[in-house]
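Peer 1: Take a look at this one; I'll ask things after.
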Amino acid sequence: QIWRPLRASWHAYPGHLLSDVALSVRALQSFGALDNANKSSFVTMLLRQFNGSHFGSTFETSMVLLHSSWLLKEDLKRKEADRPPSVRINGQAIAGDKIKTLSNLSGWELEVDGSILTAGEHTFEADRDKYLSADLRLVRMVPVEQSTQENHGWKLSKSYYKIENGGQIRRPFDPTKEGVRVGDLLFVELEFNHQRDGQGWREMYSPSHFILHDDVPAGFLALEEDKEFSGFAWYDPDKSKGLRIRRIEQDRVYWYFRYDNQWMSKTRKLGYFLRANYGGVFSSGVARVEDFYDENSFAQTGGSRLRVAPYQR
């Protein structure tokens, strides 16, 4: 059991198990050199947690690398006399343009052409008697409007409202059933909250740094100034002290939240205005909220299409 600072004013400590283990192993190595069996177990654990680019959050990755630097130095010396491994899939040697071998700091990264694989089970072999990590990824591109809602530790929803009579009326708007005209104004409302999902450390952890962003559809303009609507009862922008930055760009709107203390897991709402500038059918894009220190803790809305009728005099 590894002691975790979950009390005594450490509520927002963002470290996970792997960085705790790396710190502990470094302490043991400083006290007395570890034998090869323990080193091998630790390296195997690192490889299993590594996804090809990081160990999870920015904090987690930096802590793991910092406290594993002694081991990386050992591997760098070993790599000097190493050679690229040969690979066999289903007993067949893979060579030529079917495999790409890349050298990294302490080992080799092998990229195999996916065309040689078919549906079903496969065996992978490499002539290495020490450390071997296999990472299989499948990337499928889909149109934005076919993207689906995802909730991983968060809940996030996006609603549209059509603003009429100069702001006197805010009417719910369903982009799948109706459209707008050039010059019309929409209000986009984002509602989100963090979920205590019972997944180990997340049950006791609330994010103190997180970011929310939403795509601005082509053909629309996100309004920078919205003070003219501040007098209407329906417009209640998030004025919490945790909202540090709101940045509106041509294709995306960002909100950055930072809380000095653990924030309460309650539902929050904020929004912005879109004005239809051009006629056509445009992808709505998706909204996404994520923990600044854990990209695996996020929520994302599904996509749709917005129809804009041309301006008529």
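Peer 1: Neighbouring Cβ atoms within 10 Å as the yardstick, rank Val64, Val182, Val216 fewest first.
Peer 2: Numbers: Val64 24, Val182 16, Val216 20.
The order, fewest Cβ neighbours first, is Val182, Val216, Val64.
Peer 1: Given the pairs Lys39/Lys73; Lys158/Lys269; Lys155/Lys177, which are separated by over 18 angstrom at their Cα positions? Could you put the intermediate results ahead of the total?
Peer 2: Numbers: Lys39/Lys73 13 Å; Lys158/Lys269 10 Å; Lys155/Lys177 25 Å.
Cα-Cα > 18 Å for Lys155/Lys177; rest within.
Peer 1: Label Leu221 and Leu102 with points 7 Å out from Cα along Cα→Cβ: what is the distance between them in nm?
Peer 2: 4.2 nm
Where a number appears in this text, it was derived from the coordinates with a stated rule and is not lab data. If you're wondering where the values come from, they're calculated on a predicted model, not measured in any experiment. Methodologically, a virtual Cβ is constructed for each residue, glycine included, from the backbone with ideal geometry; neighbour enumeration extends over all protein chains shown.
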